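**Student:** Got a structure for you, questions after.
The values are calculated or read from the model by the stated rules, or taken from the named source; none is laboratory data. Because the structure is predicted, anything quoted here is derived from the model rather than measured. Glycine also receives a Cβ, built like all others from the backbone with ideal geometry; neighbour counts cover every protein chain displayed.
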């Protein structure tokens with residue numbers, strides 16, 4: 001019976017403090033419809049103002065061409081759900097860098113926001129924008145101290161590497177699994193946990 005005391009989901013792991021560029025990886029036991037098996041990029045974290053981030057692996061059934069035809073994108077670029085807050089607002093991540101003025105670097109090779117007219121011009125000329133730009137509606141937000149509290153009670157596992165790789169170079173359906181893989185063998189149980197435990 002000793003095995004029953006094992007922390008099979010590493011709930012007692014010491015997690016790093018969240019910061020800009022951190023990736024929040026939902027544990028496999030999270031059942032919330034919105035955040036289930038989600039990976040969320042933190043773009044801002046402040047001890048006074050709270051935190052803001054975007055889920056990067058939740059495509060909607062819409063394309064950016066359908067909701068913002070003025071962007072004149074050459075391909076049907078997917079539109080993602082960034083979170084449950086402000087779903088009437090449009091946001092974007094990109095790897096274009098400082099050529100988009102006013103953008104904020106959140107991790108190596110990964111930027112948030114910037115001049116909308118410049119991103120519009122970029123989309124008009126880029127043949128494969130899906131490798132460089134990701135648009136989201138809505139965001140994930142936390143009040144002062146809320147995210148730190150969620151991390152301390154083990155709602156999330158924090159990843160501080162490979163953010164750009166996960167955002168732009170990993171298929172949506174594999175992002176959560178790839179993020180879990182980056183934690184190493186001790187998180188192997190996560191991969192084997194059924195999507196719906198009640199059907200197993």
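**Student:** Exactly one of these conditions fails for residue 29: (1) farther than 20 Å from residue 131 by Cα; (2) free of Cβ contacts under 8 Å to residues at least 60 places away in the same chain. Give me its number.
**Tutor:** Of the numbered conditions (1) farther than 20 Å from residue 131 by Cα; (2) free of Cβ contacts under 8 Å to residues at least 60 places away in the same chain, the odd one out for residue 29 is (2).
**Student:** A further question follows. Inside segment 41-88, counting only strands (runs of 3 or more DSSP E) that do not spill past its ends, which hold 2 or more residues that are in contact with a strand residue (DSSP E or B) (Cβ under 6 Å, 6 or more places away or on another chain), modelled with pLDDT of 95 or more and buried (at least 17 other Cβ atoms within 10 Å of the Cβ)?
**Tutor:** 50-55, 78-81
**Student:** Hey, does segment 113-136 have a residue that's over 23 Å from residue 72 (Cβ atoms), modelled with pLDDT of 90 or more and buried (at least 16 other Cβ atoms within 10 Å of the Cβ)?
**Tutor:** no
**Student:** Same structure, new question: I'd like to verify a number: residues in segment 140-158 that are under 14 Å from the mean Cα position of the chain (by Cα) and closer than 15 Å to residue 45 by Cα, how many?
**Tutor:** Looking only at that region, the number is 3.
**Student:** Please verify whether segment 74-83 includes one or more residues that are in contact (Cβ under 8 Å) with a residue 40 or more places away in the chain and farther than 28 Å from residue 25 by Cα.
**Tutor:** There is at least one residue in segment 74-83 that is in contact (Cβ under 8 Å) with a residue 40 or more places away in the chain and farther than 28 Å from residue 25 by Cα.
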